[in-house]
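The values are calculated or read from the model by the stated rules, or taken from the named source; none is laboratory data. All figures in this text were calculated on a predicted structure; none of them were measured in a lab. Cβ placement follows ideal geometry from the backbone for every residue including glycine, while neighbour counts extend to all protein chains displayed.
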Amino acid sequence: MAKPKIASDWMCGCAGCHMSLLDMDERILKIAEMADLRSTPITDLKHPDESGVDVGVLEGGINNTASEEVAKMFRKRSKILVALGDCAVFGGVPAMRNFCGVEAALQQAYVDAPSNEPGSQIPNDPELATMTKTRAIHEVVQVDYNVPGCPPDPDVIFYVLSELAQGRKPELKDELLHWH
Amino acid sequence: MTQKITIEPVTRIEGHAKVTIRMKEDGTVERAFMHVNEFRGFEKFCEGRLYFEMPQITPRICGICPVSHHLAAAKAGDALTGQTPPRPASLLRELMHMGQIIQSHGMHFFELAGPDLLLGFDAAPEIRNVVGLIGANPDLTVKAVMLRKFGQEIIKTLGGRKIHPTFAVPGGVNKALKVEERDAILKGVDAAIETIQIGLQIMKDWAEKNMEDINKFAVFQTGYFGLITPENGLELYEGKVRLIDRNGAELERFPIADYLDYIAEHVEPWSYLKFPYYKKMGWPEGVYRVGPLGRLNISDKIDTPLANEELKVFKSLNGGKPVENTLYYHYARLIEALFAAERVRVLCEDKDILSTDILNTRKNYTGHGVGVIEAPRGTLIHDYTADEHGKLTRVNLIVSTGHNNWAMTNAVDSVAKTYVKGPDVTEGMLNRVEAAIRAYDPCLSCSTHAVGQMPMIVDLVGPDGELIKTIRRD
Ligand code: SF4
């Protein structure tokens with residue numbers, strides 16, 4: 001039987017969830033044995049295979065047009081979609097931007113900050129994504145598993161990935177929901 | 001016909017970026033840009049929070065170097081409340097910081113940049129990653145994993161968790177180190193040093209074989225910027241800022257509280273990442289580089305023996321003048337990792353490291369504080385102003401990767417011009433362009449606390465801007 005394919009990406013998060021994944025240390029080698037690791041931010045394939053992957057894992061919420069596209073592509077190409085970490089599950093710390101709004105945040109960073117050159121303007125090149133409200137992934141596409149924690153503990157991530165890689169349903173309960 | 005190449009996402013870097021390369025009709029490169037394509041807005045949404053929450057909120061800017069933000073926030077808090085930490089607290093904070101330098105530099109060399117060096121820039125993208133490394137050299141991979149673990153365990157021992165620890169508070173830290181914890185850390189130092197030395201040997205062998213690439217791969221002059229000891233030794237935790245010019249002459253030495261007199265940030269419409277520069281020289285003449293290469297260039301010595309020996313060799317690369325080669329960032333990073341591992345031992349053997357005098361609770365509240373630290377990627381500045389209740393009214397952050405923004409953009413442009421030739425643009429050519437960015441080990445989440453993520457696509461665009469062809473690597 002072919003090994004299950006896993007792909008991951010990060011959106012509006014801090015990379016901490018992916019670092020927690022690496023914090024499973026030696027066990028990462030086990031995951032690499034069990035599954036075929038496809039596109040991830042730490043490998044060189046850019047997007048999940050067009051023919052699809054078994055498990056797509058996304059870190060971070062959705063706060064601009066570029067991350068919206070990433071989420072939609074992952075949904076389309078993954079049989080099972082996992083939202084990894086608080087940002088992905090409910091928006092997390094970056095969702096605090098919703099309290100002040102995108103405009104005020106941009107104004108502060110690019111115009112009003114005391115270190116800015118006088119006359120600085122908010123970047124607006126067509127190459128750049130447009131900022132939106134920060135949302136949890138499930139607000140934009142359907143999610144199959146929500147794994148909370150900021151970041152989730154490496155043991156939890158290992159459990160979820162190894163269960164999914166073996167075709168089982170991970171059950172997040174009791175100890176697995178305790179994080180600090 | 002003009003063409004535009006887009007590389008998106010740029011991989012094996014932290015965060016979201018994309019590169020666009022504009023090609024001329026004859027197949028040569030006109031200009032290449034690095035766009036940082038994310039913005040989160042921490043500076044604004046932290047307004048109204050209490051200053052002592054910042055060591056918990058700001059690490060969420062970056063999960064690769066959360067300790068940098070954690071400590072810079074605590075240091076800004078020290079200044080804002082006038083609570084100078086007792087010596088043992090500073091030692092413990094520095095110990096945590098060394099753990100982070102080791103894990104971050106180790107991971108970058110072996111797991112992110114390593115595949116380019118160990119497997120080759122032109123290796124197939126399917127294997128050009130850490131999994132490919134496992135196949136090529138399983139023993140080394142295990143060592144690399146254990147090196148990162150050593151650093152992460154130091155952070156966890158002190159702060160309860162590896163990512164987003166809770167440890168530093170304004171005035172000191174919240175937990176003392178126990179004897180057995182100290183001994184466990186000490187036990188791991190030798191193995192860490194050994195693995196870093198293996199990395200150094202790999203780097204040197206690679207350099208010998210690839211001298212031609214090193215000498216034509218984004219070599220350029222800038223100023224250099226970072227913290228320094230009073231005797232011009234390498235400093236990662238606390239000190240004044242030293243800025244030198246392209247020839248190595250000192251331009252400035254100043255306390256971080258005065259940073260606004262010396263640096264300003266330039267904004268370009270095509271990137272969410274700002275461009276800091278030396279104010280007195282103006283934009284863009286006043287650009288400088290930070291991080292491992294910048295720090296070794298401003299330092300005359302390193303206060304631990306093994307790293308100091310390596311520094312001497314490093315300094316000879318350009319006859320004592322600043323080393324300008326982008327690819328030597330990797331070399332400099334390993335020398336710093338070696339210093340950090342040696343420094344762990346020095347700190348653990350300090351007579352004050354087990355002291356319980358770890359918090360100064362006497363306040364002399366000023367309502368304004370600037371905190372600074374040499375994060376793995378360069379100088380990180382947190383500047384807070386609060387009202388009389390401790391509620392923040394203004395937050396300004398200048399992050400490590402930001403200082404290198406001009407340099408990365410310039411490196412991308414230079415490497416594209418050197419290696420990318422049409423009409424048949426190969427994946428290997430584009431990977432070199434990405435490698436120019438990777439050398440700086442950017443942390444785009446940090447820079448776009450402000451920014452997040454770094455993708456690569458190549459769009460070929462006609463003279464009127466219409467899209468002709470897109471090369472993607474998926
Ligand atoms: S949940 Fe926490 S660790 Fe994960 S991306 Fe968000 S801020 Fe980072």
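Being more than 12 Å from the ligand (Cβ to nearest atom) and in contact (Cβ under 8 Å) with a residue 24 or more places away in the chain is the filter here, so list the residues in segment A:23-40 that pass it.
Within segment A:23-40, A:MET24, A:ASP25, A:ARG27, A:LYS30, A:ILE31, A:MET34, A:ALA35, A:ASP36, A:LEU37, A:ARG38, A:SER39, A:THR40 meet the criteria.
Which condition from (1) surrounded by 15 or more Cβ atoms within 10 Å (Cβ to Cβ); (2) over 19 Å from B:TYR272 (Cα atoms); (3) free of Cβ contacts under 8 Å to residues at least 60 places away in the same chain; (4) over 18 Å from the mean Cα position of the chain (by Cα) is the one that A:LEU177 breaks?
With respect to (1) surrounded by 15 or more Cβ atoms within 10 Å (Cβ to Cβ); (2) over 19 Å from B:TYR272 (Cα atoms); (3) free of Cβ contacts under 8 Å to residues at least 60 places away in the same chain; (4) over 18 Å from the mean Cα position of the chain (by Cα), A:LEU177 is out only on (1).
Let's see how each residue does on (1) within 22 Å of B:MET98 (Cβ to Cβ); (2) in a helix (DSSP H, G or I); (3) touching a helix residue (DSSP H, G or I) at 6+ places or on another chain (Cβ under 8 Å); (4) without any contact (Cβ under 8 Å) to a residue 12 or more places away in the chain:
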| site | (1), (2), (3), (4) |
| --- | --- |
| B:LEU200 | yes, yes, yes, no |
| B:GLN221 | no, no, no, no |
| B:PRO230 | yes, no, no, yes |
| B:LEU236 | yes, no, yes, no |
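Can you name the strands (runs of 3 or more DSSP E) wholly within segment B:344-409 that have at least 3 residues being farther than 26 Å from B:LEU158 by Cβ?
B:392-398
What are the residue pairs meeting all of these: first residue in segment B:62-73, first residue under 17 Å from B:LYS156 (Cβ atoms), second residue in a loop (DSSP other than H, G, I, E, B), Cβ atoms under 6 Å, and 6 or more apart or on different chains?
Cβ pairs passing all conditions: B:GLY63/A:CYS14; B:GLY63/A:ALA15; B:GLY63/B:ILE163; B:ILE64/A:ALA15; B:CYS65/B:PRO376; B:PRO66/B:ILE163; B:PRO66/B:HIS164.
Within segment A:124-137, can you find the residues that are crowded, with 16+ Cβ neighbours inside 10 Å and either over 24 Å from the mean Cα position of the chain (by Cα) or within 16 Å of the ligand (Cβ to nearest atom) (or both)?
Listed by number, the residues that qualify are A:THR134, A:ARG135, A:ALA136, A:ILE137.
Determine the pairs where a residue that is more than 25 Å from A:ARG77 (Cα to Cα), located within segment A:144-155, has a partner that is of a type in the set (Lys, Arg) and near the ligand (Cβ under 8 Å from one of its atoms) with Cβ atoms under 8 Å apart, the partner being 6 or more residues away or on another chain.
Taking only residues 6 or more apart or on different chains, the pairs are A:CYS150/B:ARG60.
Go through segment B:256-275 and count every residue that is assigned to a loop (DSSP other than H, G, I, E, B) and within 21 Å of the chain's Cα centre (by Cα).
Of the residues in segment B:256-275, 5 are assigned to a loop (DSSP other than H, G, I, E, B) and within 21 Å of the chain's Cα centre (by Cα).
For segment A:138-146, does any single residue satisfy the condition of being assigned to a strand (DSSP E or B) and away from the ligand (no atom under 16 Å from the Cβ)?
No: segment A:138-146 contains no residue that is assigned to a strand (DSSP E or B) and away from the ligand (no atom under 16 Å from the Cβ).
Show the residue pairs that are 6+ apart or on different chains and have beta-carbon atoms under 8 Å apart, the first residue being within segment B:259-280 and within 16 Å of A:GLU127 (Cβ to Cβ), the second being assigned to a loop (DSSP other than H, G, I, E, B) and of a type in the set (Lys, Arg).
Correct list of pairs: B:VAL267/B:LYS274.
Quick test of your reading of the structure: B:ASP413 fulfils all but one of (1) out of contact with any helix residue (DSSP H, G or I) (no Cβ under 7 Å at 6 or more places or on another chain); (2) not in a helix (DSSP H, G or I). Name the failing condition by number.
(2)
Restricting attention to segment B:202-219, does a residue exist that is closer than 21 Å to A:ASP23 by Cβ and outside any helix (DSSP H, G or I)?
No: segment B:202-219 contains no residue that is closer than 21 Å to A:ASP23 by Cβ and outside any helix (DSSP H, G or I).
Condition test on A:GLN121, is it facing chain B (nearest Cβ under 10 Å), surrounded by fewer than 21 Cβ atoms within 10 Å (Cβ to Cβ) and outside any helix (DSSP H, G or I)?
Judged against the criteria, A:GLN121 is a match.
Could you check how many residues of segment A:59-105 are within 14 Å of the ligand (Cβ to nearest atom) and in contact with a helix residue (DSSP H, G or I) (Cβ under 8 Å, 6 or more places away or on another chain)?
Qualifying residue count for the region: 20.
Within segment B:133-148, which residues are surrounded by 22 or more Cβ atoms within 10 Å (Cβ to Cβ) and at pLDDT below 95?
B:THR141, B:ALA144, B:VAL145, B:ARG148
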